[in-house]
Amino acid sequence: MRSLLLVLTLALGLAAPALARDNVTSFTLENGLALVVIEDHRAPVVTHMVWYRTGAADEAPGHSGIAHFFEHLMFRGTDSLTPGEFSATVEAQGGSDNAFTSWDYTAYFQRVAADRLSLMMQMEADRMRNLKLFDEDVATERHVIIEERGQRTDSDPGALLREQMGAAQFLNHPYGRPIIGWMHEITELDRQDALAFYRANYAPNNAIVVVAGDVTPEAALALAETHYGPLLPSEAIAPRIRPSEPPQLAERRIVLTDERVAEPYVIRSYLAPERNPGDQRKAAALTLLAELLGGNPTTSVFARELQFGQGIATWSAAFYDGTSVDPDTFGVFVMPVPGVSLAEAEAAMDKVIETFLTEGVDPEELARIKTQVRASTIYARDDAGGLARLYGQALAVGLTVQDVRDWPEILQLVTKDEIMAAATEVFDRNRAVTGWLQAPQPDVAANVTPAAAAEEATE
């Protein structure tokens with residue numbers, strides 16, 4: 001699941017530009033598989049990633065969690081590999097591997113010595129089309145994800161709040177369902193569900209292979225043609241056509257009260273546009289807006305005002321990740337110090353936003369953030385694996401290699417007027433969901449609604 005920390009990390013990661021143009025090469029095999037090669041010869045290692053353009057938002061109704069569930073099942077073996085042998089083989093080569101699922105994609109990756117790249121492609125190509133599933137395998141992994149949901153979601157009040165907020169934010173669009181799935185649905189997933197999902201989504205014409213590290217484009221292409229090239233494309237792959245979200249006409253508010261809450265907080269998400277191919281300036285403006293408001297724990301607008309100025313918050317933040325297929329959210333967050341109510345914290349946060357919308361962007365602050373963004377261009381070159389993820393994620397949601405290349409310069413070109421226009425558009429309370437996470441409250445306040453309390457705090 002995407003925790004709040006992960007959301008914040010991803011939002012900051014958007015500011016990390018890609019490697020120099022000359023080091024990135026892309027190909028498309030005859031069967032439709034996309035290949036991106038990022039050269040980095042400083043160490044004899046490579047990161048090999050396979051991204052599938054399918055995630056939790058592509059699941060059939062009533063089968064929430066199948067994308068994540070199937071990620072687990074991909075390690076159960078083929079005719080050539082027994083269950084667990086894939087990861088054991090990677091480890092035997094001195095490498096590491098893992099996988100992850102989002103709403104828009106599922107990805108598998110290995111980091112190994114450069115001379116083991118052929119073996120990685122061989123194994124990934126094998127399970128792309130030759131996975132073997134038995135009822136006992138499905139039962140085993142279903143038990144694993146049930147336990148995972150219990151540990152990571154049901155036992156975490158913050159995760160439960162964010163899950164409820166997502167469902168409230170997206171009434172019709174599948175971004176409203178949790179990646180791990182609703183418990184009552186994942187307990188019913190079976191072998192036929194898994195096979196149907198596999199056959200519908202796992203094929204070379206629905207995949208992107210990214211290789212980053214000590215390899216030339218020619219060598220990577222030759223290996224890809226050897227291992228992935230013979231795989232037949234699937235005629236079942238169809239364009240992503242998802243239900244659209246109806247207009248949101250009023251703010252939605254959620255209060256989750258749980259005795260396990262030690263640090264209450266207020267979090268709000270606003271509907272926000274995504275990055276689109278050839279049209280990324282608004283997303284860039286929102287990225288810089290998030291950095292200005294809450295990207296830095298000491299120098300951002302929220303930090304200066306709420307933490308160090310008024311002293312009412314222990315932590316505040318703003319976050320945005322526009323790397324998605326469809327419109328997603330822009331978020332703000334404040335955790336008050338002991339003795340400050342959530343109503344007071346929310347009112348103070350709203351006052352800071354109101355002041356920002358009136359006074360506008362500080363040119364010196366914007367210049368400082370852009371300098372940091374430009375500096376991150378250099379730092380990004382030190383992590384070939386990070387670049388593999390950057391390119392893979394972008395291509396998996398429909399962006400292009402050129403969009404990734406253009407992104408750093410777009411961030412530099414965005415003006416303060418564009419940032420303010422984006423802020424004015426996104427900060428619409430009628431398109432927002434506000435969440436309170438709190439411990440049980442004293443009886444004296446039991447009859448006071450959060451909306452009334454917040455309104456009173458502003459008076």
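So for the stretch 154-167 (the condition being under 25 Å from the mean Cα position of the chain (by Cα), among the acidic types (Asp, Glu), in a loop (DSSP other than H, G, I, E, B) and under 27 Å from Val261 (Cα atoms)), does at least one residue qualify? Yes: the stretch 154-167 contains one or more residues that are under 25 Å from the mean Cα position of the chain (by Cα), among the acidic types (Asp, Glu), in a loop (DSSP other than H, G, I, E, B) and under 27 Å from Val261 (Cα atoms). Here Ser324 does not fit the description of being in a loop (DSSP other than H, G, I, E, B) and surrounded by fewer than 18 Cβ atoms within 10 Å (Cβ to Cβ). Residue pairs whose Cβ atoms lie under 8 Å apart, separated by 6 or more positions or on different chains, with the first residue in the stretch 254-270 and closer than 18 Å to Arg431 by Cα and the second in a loop (DSSP other than H, G, I, E, B) and open to solvent by 20 Å² or more (accessible area, probe 1.4 Å), are Tyr270/Phe427; Tyr270/Asp428. Residues that are over 22 Å from Phe319 (Cα atoms), in a loop (DSSP other than H, G, I, E, B) and not basic (Lys, Arg) within the stretch 251-269 comprise Asp258, Glu259, Val261, Ala262, listed in sequence order.
Among the residues of the stretch 59-78, the one identified as without any contact (Cβ under 8 Å) to a residue 40 or more places away in the chain and over 19 Å from Pro178 (Cβ atoms) is Phe75.
Restrict the check to the stretch 97-104 and report whether at least one residue is assigned to a helix (DSSP H, G or I) and surrounded by 20 or more Cβ atoms within 10 Å (Cβ to Cβ). No, the stretch 97-104 has no match at all. Scanning the stretch 121-134 turns up at least one residue that is exposed (fewer than 14 other Cβ atoms within 10 Å of the Cβ) and not in a helix (DSSP H, G or I). Would it be correct to say that Val332 is touching a helix residue (DSSP H, G or I) at 6+ places or on another chain (Cβ under 7 Å) and not charged (D, E, K, R)? Yes: the conditions hold for Val332. Taking every residue in the stretch 24-41 that is among the aromatic types (Phe, Trp, Tyr) and pairing it with any residue that is assigned to a strand (DSSP E or B), at least 6 positions away or on another chain, the pairs with Cβ-Cβ distances below 9 Å are Phe27/Ala34; Phe27/Leu35; Phe27/Val36; Phe27/Val37. A count restricted to the stretch 186-220 and to residues that are assigned to a loop (DSSP other than H, G, I, E, B) and among the aliphatic types (A, V, I, L, M) stands at 3.
When the stretch 221-236 is filtered for residues that are in contact (Cβ under 8 Å) with a residue 40 or more places away in the chain, of a type in the set (A, V, I, L, M) and assigned to a loop (DSSP other than H, G, I, E, B), the ones remaining, listed by number, are Leu231, Leu232.
To keep it simple, each residue is scored yes or no on (1) surrounded by 18 or more Cβ atoms within 10 Å (Cβ to Cβ); (2) under 26 Å from Gln393 (Cβ atoms).
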| site | (1), (2) |
| --- | --- |
| Asp154 | no, no |
| Asn172 | no, yes |
| Tyr175 | yes, yes |
| Arg191 | no, no |
| Ile208 | yes, yes |
| Ala212 | yes, yes |
| Arg240 | no, yes |
| Ser244 | no, yes |
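The values are calculated or read from the model by the stated rules, or taken from the named source; none is laboratory data. Since the structure is predicted, the reported quantities are computational estimates derived from the model, not experimental observations. Cβ coordinates were reconstructed from backbone atoms using ideal geometry, including for glycine residues, and neighbour counts include every protein chain displayed. When the accessible area is computed, the model is the full protein with side chains, heavy atoms only, and any ligands, DNA or RNA have been set aside. Shrake-Rupley method; radii C 1.70, N 1.55, O 1.52, S 1.80 Å.
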